[in-house]
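A short worksheet on the structure shown next.
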Amino acid sequence: MATRPEIQALLGEPRFNWSDPAPWAELEQELGIEFPADFREIVDAYGSIEINGQLYLKHPAGHLLHDLGEMIRRDLELWRDEDMA
């Protein structure tokens, strides 16, 4: 993954600047995984963003329109349905 300075050179100054780790901790506990620290740092800085219509970064804060946890839950349900078919 690119470094924070490289991302900032590409996207400009971050404006989201989230500092509460609770949404990450809750989602990681629910899923039994740990997100990479550099991914969390970038998403905390920029929030949920779309880059070039090809890369989607979502933040886990549940009050946001583009919620990482909701996306993961929806995808898991889709794959469960596929497995049942």
Sole exception among (1) modelled with pLDDT under 90; (2) open to solvent by 100 Å² or more (accessible area, probe 1.4 Å) for residue 62, by number: (2)
Inter-residue pairs, beta-carbon under 9 Å, first closer than 14 Å to residue 69 by Cβ and at pLDDT 95 or above and in the stretch 28-42, second loosely packed, with under 12 Cβ neighbours inside 10 Å and of a type in the set (Asp, Glu), 6+ apart: 28/34
Search result, residues across the stretch 49-59 that are open to solvent by 90 Å² or more (accessible area, probe 1.4 Å) and either over 14 Å from the mean Cα position of the chain (by Cα) or in contact (Cβ under 8 Å) with a residue 24 or more places away in the chain (or both): 52, 54
Any chance residue 77 is under 19 Å from residue 28 (Cα atoms), open to solvent by 80 Å² or more (accessible area, probe 1.4 Å) and within 11 Å of the chain's Cα centre (by Cα): no
Subset of the stretch 37-48 (residues that are open to solvent by less than 70 Å² (accessible area, probe 1.4 Å) and not polar (S, T, N, Q)): 38, 39, 40, 42, 43, 44, 45, 46, 47
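The values are calculated or read from the model by the stated rules, or taken from the named source; none is laboratory data. Given the structure is predicted, the values throughout are model-derived calculations rather than measurements. FYI the Cβ positions are ideal-geometry reconstructions off the backbone, even for glycines, and counts take in every protein chain you see. Ligands, DNA and RNA are stripped out before the accessible areas are found, and what is left, the full protein with its side chains, is counted by its heavy atoms. Shrake-Rupley method; radii C 1.70, N 1.55, O 1.52, S 1.80 Å.
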